[in-house]
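Novice: Below you'll find the structure I mean.
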Ligand SMILES: [Zn+2]
Ligand SMILES: [Zn+2]
């Protein structure tokens, strides 16, 4: 793949893709008899031109010293080590709105045997089936626990496509409320997660749903029998892990969102690239820190396979957290939730005192911090600063894009409210100010 960007501008991650993408694409074509998915190529192209002002930029004017600064458009590709954080932030904000405050949550991890993984990854419909089946199993487990009460819990489901080494391992992380609404619309605590039962339920639902999903597809012949044989081969069901959460749920949610939306490794983990081979580090949860050297083409393969299908929702909500239900439920049990928050606060205070530590946990239970400043802080970039004087009083004066030309120009658009701007060189404007405002908001 070709780019005119100066070499020193490209970081190591980008360079690996730039120098080896064509070979990767050719190998892929040869091996699979078809081109690599179009959204892969599109993501690579976007990632390579991320921040390149020749593609488009926002121009700012320092209201203190008059210096100008251009900031290139970001690519918002999940493959981009700079941009994936945007998605993380969006997910975190969403999760904060949905997850009931004061309620303890439990993490449930669901996996399937290696042999079925390629099928699940073969089609995005199967990925959705996979997520839905997991939610069904958990919901059913709780509902059957107190049959007459029919308790419904809330679930935030996160699909992860890869393991720590970058290997393909689609698995599900569920954040499940340890409480729910019964049929009389009363809040009930739930502390029942019978792993033995859940294993069987998970196996049953995922196998049944996949068998239904492959009906009439090219996968039916190969997989119908194979899937059926899983009941015999795994008589105790599929692996489930139900871990009670000791810490605040925010920490878990941050971890999950970061993990799911980022490329499988971070740039810091690349130890070397000699134009041919890449050496990188990762954590193996059994063996500890590992270092591996593989060809750059193979490296690209490992990293790119984890791009979710275009538009696919990797984070979904089920049960009382599902969109149509959650608002209604929230209003219904507001009183009960308030009491839970109070109790959680008291508990945190108790432990803080007992351990004699300064409290860093109340963020999770303190209503005032619900906006999540603490959580998002570590991801936000901080304000734009003037390169000359360090001032943060930077005013957006122009937006230019390669396709659309000068979209916005503060002088041309008659918004010359700031003294000194009149002396800015005039530039051609092709669009009105309204578009620019919308665009500025979208930054
Ligand atoms: Zn300045
Ligand atoms: Zn980017």
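Novice: Please identify the pairs in which a residue from the stretch 331-350 that is at pLDDT below 70 has its Cβ atom under 6 Å from the Cβ atom of a residue that is surrounded by 13 or more Cβ atoms within 10 Å (Cβ to Cβ) and assigned to a helix (DSSP H, G or I), counting only partners at least 6 apart or on another chain.
Specialist: Between residues of the stretch 331-350 that are at pLDDT below 70 and residues that are surrounded by 13 or more Cβ atoms within 10 Å (Cβ to Cβ) and assigned to a helix (DSSP H, G or I), the close pairs are 348/362.
Novice: Being within 16 Å of ligand 2 (Cβ to nearest atom) and either surrounded by 16 or more Cβ atoms within 10 Å (Cβ to Cβ) or without any contact (Cβ under 8 Å) to a residue 60 or more places away in the chain (or both) is the filter here, so list the residues in the stretch 50-69 that pass it. So that I can check it myself, show each step before the final result.
Specialist: If we filter the stretch 50-69 for residues that are within 16 Å of ligand 2 (Cβ to nearest atom), which is where we start, we get 50-58.
Matches in the stretch 50-69: 50, 51, 52, 53, 55, 56, 57, 58.
Novice: A further question follows. Quick one: in the stretch 59-81, which of the residues that are under 15 Å from residue 400 (Cβ atoms) and within 16 Å of ligand 1 (Cβ to nearest atom) is nearest to the chain's Cα centre (by Cα)?
Specialist: Restricting to residues being under 15 Å from residue 400 (Cβ atoms) and within 16 Å of ligand 1 (Cβ to nearest atom), the top hit is 71.
Novice: Now for a different question. Got a sec? Which helices (runs of 4 or more DSSP H) wholly within the stretch 144-253 have at least 3 residues that are surrounded by 21 or more Cβ atoms within 10 Å (Cβ to Cβ)?
Specialist: Numbers: elements: 195-214, 220-228, 230-233.
By residue number, 195-214.
Novice: Let me ask you something else. Filter the stretch 70-108 down to residues that are within 15 Å of ligand 2 (Cβ to nearest atom) and either in contact (Cβ under 8 Å) with a residue 24 or more places away in the chain or in contact with a helix residue (DSSP H, G or I) (Cβ under 7 Å, 6 or more places away or on another chain) (or both), then give me how many there are.
Specialist: The number of residues fulfilling the criteria is 17.
Novice: Sort out which residues of the stretch 265-309 are closer than 30 Å to residue 139 by Cα and surrounded by 13 or more Cβ atoms within 10 Å (Cβ to Cβ), and write them in order of number.
Specialist: Quick first cut of the stretch 265-309, residues closer than 30 Å to residue 139 by Cα only: 285, 306-309.
Residues satisfying the conditions are 306, 307, 308, 309.
Novice: Name the single residue that is nearest to ligand 1 (Cβ to nearest atom) among those in the stretch 84-95 being modelled with pLDDT of 80 or more and crowded, with 18+ Cβ neighbours inside 10 Å.
Specialist: So the residue we want is 92.
Novice: Restrict the check to the stretch 154-161 and report whether at least one residue is closer than 30 Å to residue 291 by Cα and modelled with pLDDT under 85.
Specialist: Looking only at the stretch 154-161, we keep the residues that are closer than 30 Å to residue 291 by Cα, and these are 158-161.
Now drop any that are not modelled with pLDDT under 85, which leaves 161.
Yes, that holds for at least one residue.
Novice: Residues in the stretch 187-202 that are in contact (Cβ under 8 Å) with a residue 40 or more places away in the chain and out of contact with any strand residue (DSSP E or B) (no Cβ under 7 Å at 6 or more places or on another chain): how many?
Specialist: Start the filter on the stretch 187-202 by keeping residues that are in contact (Cβ under 8 Å) with a residue 40 or more places away in the chain, which leaves 187-188, 190, 192-199, 201-202.
With the extra rule that they be out of contact with any strand residue (DSSP E or B) (no Cβ under 7 Å at 6 or more places or on another chain), the set shrinks to 192, 194, 196-197, 201.
Summing the residues that are in contact (Cβ under 8 Å) with a residue 40 or more places away in the chain and out of contact with any strand residue (DSSP E or B) (no Cβ under 7 Å at 6 or more places or on another chain) in the stretch 187-202 gives 5.
Novice: Please count how many residues of the stretch 279-312 are touching a residue at least 60 places away in the same chain (Cβ under 8 Å) and either in contact with a strand residue (DSSP E or B) (Cβ under 9 Å, 6 or more places away or on another chain) or under 18 Å from residue 27 (Cβ atoms) (or both). Don't jump to the end; show me each part of the working.
Specialist: Of all residues in the stretch 279-312, those touching a residue at least 60 places away in the same chain (Cβ under 8 Å) come to 282-285, 290, 292, 296-297, 299-310, 312.
Cutting the leftovers down to either in contact with a strand residue (DSSP E or B) (Cβ under 9 Å, 6 or more places away or on another chain) or under 18 Å from residue 27 (Cβ atoms) (or both) gives us 282-284, 290, 292, 296-297, 299-308, 312.
Total satisfying the criteria: 18.
The values are calculated or read from the model by the stated rules, or taken from the named source; none is laboratory data. From a predicted model like this one, the values you see are computed outputs, not experimental measurements. With ideal geometry, Cβ positions are generated from the backbone for all residues, glycine too; neighbour counts draw on all protein chains shown.
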